[in-house]
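Q: Provided herewith is a single structure, encoded as structure tokens, for subsequent inquiry.
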Amino acid sequence: MATEKQKMLAGELYRATGPELAADARRAAEWMDRYNASRARSLRDHVAMLRELFAQVGEDAYIRPPFHCDYGYNISLGRGVFLNFNCVILDGVKVTIGDGTQIGPGVQILTADHPRDPEQRRLGLEFGRPVTIGRNVWIGGGAMILPGVTVGDDAIVGAGAVVTRDVREGATVVGNPAKERAA
């Protein structure tokens, strides 16, 4: 029988409870306490700290504290990725951010989803859908990237946009829900 963590990582229905996930969340919370208190440290120090928790961290990737995540170990950052202040990544499953992507302040990247069936929700079940953000993407401040979304290379997501569907390569999307803007 699969553990709740194994079910979570597989994108299956799971409960975010139990000792294994609690320990993982506690480890991430302790890391966030240290990272979010590290504003004056060097880029090299920040990269080293990110590598303690994340699945992958490319050269010169940087997240400006404060930053929040669920577990950290499902997050992969490419080379030169930048996330500004107050970003949140709910990473029950994989979040991949490509080389050179720039993310504005207050952006939320959410993999966590919940069943549409009210009985399953009453049971405390949830699941995750991975988020993939391509290379050289710009995401404006306050945008939200919802579960299961892929943002193509060279795309732009306008400030405050709520991205509910995939964004094609090179497109600009704005609004709530985010829609492609004509060039």
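Q: Being in contact with an Asp or Glu (Cβ under 8 Å, 6 or more places away or on another chain) and assigned to a loop (DSSP other than H, G, I, E, B) is the filter here; which residues of segment 123-145 pass it?
A: Arg129, Gly134, Arg135, Asn136, Val137
Q: Could you look through segment 37-80, keep only residues that are polar (S, T, N, Q) and over 24 Å from Ala16 (Cβ atoms), and pick out the one that is surrounded by the most Cβ atoms within 10 Å (Cβ to Cβ)?
A: Applying the filter and picking the extreme gives Ser38.
Q: Going through segment 9-25 one residue at a time, which ones are over 18 Å from the mean Cα position of the chain (by Cα) and not hydroxyl-bearing (Ser, Thr, Tyr)?
A: Residues satisfying the conditions are Glu12, Leu13, Arg15, Gly18, Pro19, Glu20, Ala22, Ala23.
Q: Return yes when Gly148 is in contact with a helix residue (DSSP H, G or I) (Cβ under 7 Å, 6 or more places away or on another chain), of a type outside the set (Asp, Glu) and surrounded by 17 or more Cβ atoms within 10 Å (Cβ to Cβ) and no when it is not.
A: When the stated conditions are applied, Gly148 does not pass them.
Q: Out of Ala55, Ala16, Ala25, Ala2, report the one residue that is under 22 Å from His114 (Cα atoms), modelled with pLDDT of 95 or more and among the aliphatic types (A, V, I, L, M).
A: Ala25
Q: Looking at the structure I just gave you, is Arg15 surrounded by fewer than 18 Cβ atoms within 10 Å (Cβ to Cβ) and touching a helix residue (DSSP H, G or I) at 6+ places or on another chain (Cβ under 9 Å)?
A: yes
Q: Starting from segment 31-50, keep only residues that are more than 18 Å from Tyr71 (Cα to Cα), then list their pairs with residues that are assigned to a helix (DSSP H, G or I) and polar (S, T, N, Q) whose Cβ atoms are within a distance under 6 Å, requiring at least 6 positions of separation or different chains.
A: Pairs found: none.
The values are calculated or read from the model by the stated rules, or taken from the named source; none is laboratory data. Just so you know, these numbers come straight off a predicted model, no measurement behind them. With ideal geometry, Cβ positions are generated from the backbone for all residues, glycine too; neighbour counts draw on all protein chains shown.
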